[in-house]
Amino acid sequence: MKKIAVLGSTGSIGTQTLDIVRKHSELKITALTAGSNIELLEKQVREFLPSLVCVYNEEKAAKLRENIKDCSTKVVAGMDGLIACAAQAEAETVVTAMVGMIGIQPTIEAIKAGKDIALANKETLVTAGHLIMPLIKEKKVSLLPVDSEHSAIFQSLHGEKERDVHKIILTASGGPFRGKKLSELTDVQPKDALKHPNWAMGQKLTIDSATMVNKGLEVMEAAWLFAVPIDRIQVVVHPQSIIHSMVEYIDGSVLAQLGAPDMRLPIQYALFYPDRTTFPGVERLDFISLSQLTFEEPDLDTFYGLKLGCTAGRIGGSMPTVYNAANEWAVAEFLQGRIAFLDIPAIIQEAMRHHQLIHNPSLNEILNTEQETYDFVRGVAKSVSLQ
């Protein structure tokens, strides 16, 4: 029996993780967390009977506590509550499925407590990779990627020597606006950007895919996960989302991981690693019916959020935090209809230009940089325009 805590159980990755647990009796949920969706969290509590749950919003936590007083589950709140769930004594693996930099501190505390990490919170490595990776080695725990691309790379590296890697090839679907130019994206509405052609994801990640900022974040995450410099990570647009990523070796061989675009597959791989197991009902690839697999170079003029991400990764230090925080703020504003779609990368660019770099930031400096970036972009959002 493997015991699992899920941080962010009401989101896209969290709910898909629980779908896997439903199908495998050898997995047990011990802790769940949510931001404010106590309606869904209550249903999860009654189904999976965790001993501990956290609602970040204190008022909602109090309401959930009242709603489930007939259950033995303890309800906690706030950052202290998230950390309590992450470091819970009975959990063995922590699935970090929260969106945003709020996931950094709980992830660090989970590692310190000796938990294996199934990582879906990309902001953790993007902004604090220089803190996380040494801690992973010190505590001798596993860090297993849940993103489909990073899981594919992890699988393609399995059994190979790190020194034999020539480059990583990170695939991208291209999102809903693949092939469009800047002039065609001026009137994009949230409902348009949320129509991803292949993947079912949460709103924030779907918008990140539409701007290709997600790929900038994934490049930085891959650099930390696999100890490969940014300039040895190539992004290739692959519209079918069948090849999830590849590794090219020094002899010219390329190993790839293929599969249907279903996030439950990489989640399950992380939960059961190093073993594989069946997943009832999952779609199987039929190579006879696959008419073609195509590849394109990303358009870095239109989707320059990706280019900014690679720049932030090369600069390092606190710059990835600025990139991530400016994007988080801008995506939230776009989803509320307060800024235009093309304002998202423009705001990121302006924030990066303004930032005074910290070369080796502490956790406090990372969190301060996040807040300073939010403060800055609020002040300039109305005046930012594309150059």
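The values are calculated or read from the model by the stated rules, or taken from the named source; none is laboratory data. Note that the structure is a prediction, hence the values are computed from the model and not measured. Positions of Cβ are backbone-derived with ideal geometry, glycine not excepted, and every protein chain shown enters the neighbour counts. Heads up: the accessible areas ignore ligands, DNA and RNA and are worked out on the full protein's heavy atoms, side chains in. Shrake-Rupley method; radii C 1.70, N 1.55, O 1.52, S 1.80 Å.
Once you have the Cα-Cα distance between H359 and A113, take 0.36 nm times their residue separation minus that, and quote the gain in nm to one decimal. Please list the in-between numbers first.
Numbers: separation 246, 0.36 × 246 = 88.56 nm, distance 2.79 nm.
So the chain would gain 85.8 nm between H359 and A113.
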Would you mind finding the longest exposed-site-free stretch of the chain, with exposed trypsin sites (Lys or Arg not before Pro) meaning DSSP loop and at most 16 other Cβ atoms within 10 Å? 196-275
Based only on Cα atoms, what Rg/Rh ratio does the chain have, Rh being taken as Kirkwood's radius? 0.95
Computed [θ] at 222 nm, deg cm²/dmol, the chain (DSSP H ≥ 4; -39,500 (n - 2.57); rounded to nearest 500): -13500 deg cm²/dmol
Taking GluC sites (Glu not before Pro) that fall in a DSSP loop and have at most 11 other Cβ atoms within 10 Å as cut points, what is the longest piece of the chain between them? 27-282
Carbon plus sulfur fraction of accessible area for segment 288-387, probe 1.4 Å, in percent: 47
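Summarise the accessible area of segment 130-204 (1.4 Å probe, protein heavy atoms) by the percent that is carbon and sulfur. Provide the component values of the computation, followed by the final result.
Numbers: 1830 of 3870 Å².
The value for segment 130-204 is 47 percent carbon and sulfur by accessible area.
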What percent of all Cα-Cα pairs in segment 271-346 falls into each 5 Å bin, going from 0 up to the bin containing the maximum distance? 3, 12, 13, 12, 11, 9, 14, 18, 9, 1
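So, counting K/R as plus one and D/E as minus one, what does the shell of residues with Cβ under 13 Å around L357 add up to?
Numbers: positive: R314, R353; negative: E365, E372.
Neighbourhood net charge equals 0.
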Placed amide H near Q234: partners under 5 Å, 5+ positions off or other chain: I168, I169, L170
Using R₀ = 22 Å, calculate the FRET efficiency as 1/(1 + (r/R₀)^6) where r is the Cβ-Cβ separation of F295 and D231; round to 0.05. 0.65
Give K23/K195; K122/K195; K167/K191; K74/K140; K28/K204; K28/K215 a once-over and call out the pairs whose C-alpha atoms are over 26 Å from each other. K23/K195; K167/K191; K74/K140; K28/K204; K28/K215
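What's the local net charge at K139, with K and R +1, D and E -1, over the other residues with C-beta under 14 Å away? List each step's numbers first, then the result.
Details: positive: K112, K115, K137, K140; negative: E92, E109, D116, E138.
Net of charged neighbours comes to 0.
Give the relative contact order (percent, whole number) for the chain; include only Cα pairs under 8 Å separated by 6+ residues. Write down the numbers at each step before the final one.
Details: 705 pairs, mean separation 56.4, N = 387.
Once divided by the residue count of the chain, the mean separation gives 15 percent.
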Derived scalar couplings ³J(HN,Hα) [segment 308-323; Karplus, 6.51 cos²θ - 1.76 cosθ + 1.60; whole Hz; x for Gly, Pro]: 5, x, 5, 5, 4, x, 5, 5, x, x, 8, 5, x, 5, 4, 4
What does segment 139-292 give for Rg and for Dmax, in Å, if only its C-alpha atoms count? 16.3, 50
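Determine the sum of side-chain charges near I315: Lys and Arg each +1, Asp and Glu each -1, restricted to other residues whose C-beta is under 14 angstrom from that of I315.
Details: positive: K307, R314, R353; negative: D231.
My count for the surroundings of I315 gives +2.
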Mind checking which aspartates and glutamates have their Cα closer than 13 Å to the Cα of K3? Skip sequence neighbours fewer than 8 apart in that chain. E26, E90, E92, D116
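For segment 23-72, how big is the tail of P(r) above 14 Å, as a whole percent of Cα pairs? Show your work: numbers first, answer last.
Working: 572 of 1225 pairs.
Tail fraction, whole percent: 47.
Based on the alpha carbons, how large is the Rg to Rh ratio for segment 37-166 when Rh follows Kirkwood?
Rg divided by Rh gives 1.04.
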